[in-house]
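Reviewing the structure listed below.
Read the figures in this text as sums done on the coordinates, not as results from a lab. Owing to the predicted nature of the structure, the values given are computational and were not obtained by experimental measurement. A quick note on method: Cβ atoms are made from the backbone with ideal geometry, for glycine too, and the neighbour counts reach across all protein chains shown.
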Amino acid sequence: MSALDPREYAVLAAEAAAEKKATDVVILDVASTIVITEYFVLASGNSDRQVRMIAEEIEAQLKAAGRPVIGREGEREGKWVLLDFADVVVHVFLPEEREFYRLEKLWSDAPRVELPAEIANLTEKPAADQEEPLES
């Protein structure tokens, strides 16, 4: 397998998050804003267990693609897990942690990378005024 470019690794991380039912997945191109990395991938999970599972899946898929993690933080608590892949840094949050730290606002100058439609559709943040259908 040939090496992917950093943007492709970021998209792969977003796909891995979507596979574990992450919501509100966003990729920010921070290359022109900071020098330590090129992309931030942000995703939310609904429980500490799901946050850890999303992070584990991202780590496994990027490692299989030739990009092992070089740093990891927050796994024990499962509120905000950070995975550092050098040119891609992944943040997986509980919704309340994500709202508190507001990285999208902090890095609002960074352009968003458009997600492939199949990922975007799976990870959209549900509208607050939209009722979830009841299962029968």
Peptides ranked, highest mean first, by Cβ atoms within 10 Å: ranges 26-36, 45-55, 69-79, 88-98:
88-98, 45-55, 26-36, 69-79
Efficiency of FRET from Cβ geometry, T33 and E77, R₀ 25 Å, rounded to 0.05
0.35
Output the antiparallel fraction of DSSP beta bridges having both residues in the chain, as a percent to the nearest 5.
70
Per the 1/(1 + (r/R0)^6) rule, R0 = 25 Å and r from the Cβ atoms of A120 and D5, FRET efficiency to 0.05 is 0.75
Quick one: work out Rg over Rh on the C-alpha atoms of the range 1-45, Rh as Kirkwood radius.
1.02
